[in-house]
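A quick write-up on the structure given underneath.
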Amino acid sequence: MSQPSAETLNAFGNELNALHQEAMRDLGQRDADHIRGMIRLQRYAEIGGRGLLFFGFNPITWPLGVALLSVSKILNNMEIGHNVMHGQYDWMNDPEIHSQRHNWDNICDPNAWRKTHNFEHHVHTNIIGKDRDFGYGAFRMSEDIPWEPKHRYQLQYYVIMAILFQWGVGLHDLEADRIRNKEITRESKLPVWKAFLQRMRKHLLKDYVIFPLLAGFNFFGVLFGNLLANTIRNVWASAVIFCGHFTEQVHTFKPEDCTNESKGQWYYRQILGSSNFRGGRWMHLMTGHLSFQIEHHLFPDVPAHRYSELAPKVEAICAKYGVPYNTGSLGGQYKTVLQRLVRYSTPAPQPMDFAGVES
């Protein structure tokens, strides 16, 4: 599609700027109550989940314990950790929920995550060669990425990666692809590797040694419960993130097309590089409000629970200026993600097989 004129993009950017400023001026007690309420809910879910797992294998307490612990881990990573580390609550001056000090229950080191996600991904969204989150150095999701034989198996690899998602995120800043291409040296990544190993040891000890040992006779019940809760969190997080970034309708960009961008052009790229999906209040909470990925990419520093209020306004501005606003059901968006993985697994992309999208 052709890009709107500079004049149109400036007007478009001005309206989105005004929307952002309005939201930031309105920050206050409601936002503080929300994040503190989410932290309490997450802690209660973890205490309840771990407590129920201690009762052993039975058809009631064990599945309920796994469910509560899964909810706890999802909230910890998505509604709390992800959003806090974007600086959405820095204005509260609370060390526990400050972007530069917050820690989360995840193998990924917060410092590495802030670098690869907050800077590389959010600034250079979908710019091939600059945004390493587009494909994570493992998946071919665009014709702009050269095909390699390994891409034949990227759908199968995605299934494995979804199960082990936090490990993939934790290893992402090691930049193994750049080491293989000799763009950087192994030695330059030693601090990242050491930080990863340290967090890995803590994670494995906590969930697979200490808590199972505390359960005594129910060692294996707690061990397998923790393993399943971590897996549920991983699969859910990967589905949410892929549906926000790799649906069929998202666009990619070349570095030369994004030099000296105006704010309006930057907003335009963020919208074309993101996708939303619909759902109810609990769906949005369990995604960390990344079901509103478009609004998140436009306004990453606005508390995410406000995205549901901003989304209709953003969609109306997009309609006014003829900018596509990609949203749909979770199932529909996820279907296009899987089809995109298959499509670009061969040298010549295969036509899509669902109605409404051109091959």
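The values are calculated or read from the model by the stated rules, or taken from the named source; none is laboratory data. This is a predicted model, so every value here is computed, not measured. FYI the Cβ positions are ideal-geometry reconstructions off the backbone, even for glycines, and counts take in every protein chain you see.
Of the residues in segment 217-231, at least one is under 23 Å from the mean Cα position of the chain (by Cα), among the hydroxyl-bearing types (Ser, Thr, Tyr) and on the phi < 0 side of the Ramachandran plot. Are any residues in segment 145-158 part of a loop (DSSP other than H, G, I, E, B) and surrounded by fewer than 16 Cβ atoms within 10 Å (Cβ to Cβ), and if so, which ones? Matches in segment 145-158: Pro146, Trp147, Glu148.
For segment 188-205, check the following and say yes or no: at least one residue is in contact (Cβ under 8 Å) with a residue 60 or more places away in the chain, within 23 Å of Ala67 (Cβ to Cβ) and either in contact with a helix residue (DSSP H, G or I) (Cβ under 7 Å, 6 or more places away or on another chain) or surrounded by 19 or more Cβ atoms within 10 Å (Cβ to Cβ) (or both). No: segment 188-205 contains no residue that is in contact (Cβ under 8 Å) with a residue 60 or more places away in the chain, within 23 Å of Ala67 (Cβ to Cβ) and either in contact with a helix residue (DSSP H, G or I) (Cβ under 7 Å, 6 or more places away or on another chain) or surrounded by 19 or more Cβ atoms within 10 Å (Cβ to Cβ) (or both). Each residue in segment 149-187 was checked for being among the acidic types (Asp, Glu) and touching a helix residue (DSSP H, G or I) at 6+ places or on another chain (Cβ under 8 Å), and 2 of them qualify. Among the residues of segment 252-278, those that are surrounded by fewer than 16 Cβ atoms within 10 Å (Cβ to Cβ) and in contact (Cβ under 8 Å) with a residue 24 or more places away in the chain comprise Lys254, Pro255, Ser262, Lys263, Arg278. Residues in segment 1-35 that are farther than 29 Å from Gly264 by Cβ and touching a helix residue (DSSP H, G or I) at 6+ places or on another chain (Cβ under 8 Å): Ala32, His34, Ile35.
The set of residues in segment 280-328 that are surrounded by fewer than 17 Cβ atoms within 10 Å (Cβ to Cβ) and either in contact with a Cys (Cβ under 6 Å, 6 or more places away or on another chain) or at positive phi (or both) contains only Gly322.
Tell me, yes or no, whether segment 64-84 has at least one residue that is among the basic types (Lys, Arg), out of contact with any His (no Cβ under 7 Å at 6 or more places or on another chain) and at pLDDT 95 or above.
Within segment 64-84, the subset among the basic types (Lys, Arg) is 73.
From the residues that got through so far, the ones that are out of contact with any His (no Cβ under 7 Å at 6 or more places or on another chain) too are 73.
Right, trim to at pLDDT 95 or above and you get 73.
The answer is yes, given that some residue of segment 64-84 is among the basic types (Lys, Arg), out of contact with any His (no Cβ under 7 Å at 6 or more places or on another chain) and at pLDDT 95 or above.
Inside segment 43-69, residues that are surrounded by fewer than 23 Cβ atoms within 10 Å (Cβ to Cβ) and closer than 28 Å to Ala112 by Cα make up a count of 3. Checked against (1) out of contact with any helix residue (DSSP H, G or I) (no Cβ under 8 Å at 6 or more places or on another chain); (2) within 30 Å of Val250 (Cα to Cα), Asn93 meets all criteria but (2). Across segment 168-187, the qualifying residues are those that are among the β-branched types (Val, Ile, Thr) and over 22 Å from the mean Cα position of the chain (by Cα), and the one among them that is surrounded by the fewest Cβ atoms within 10 Å (Cβ to Cβ) is Thr185.
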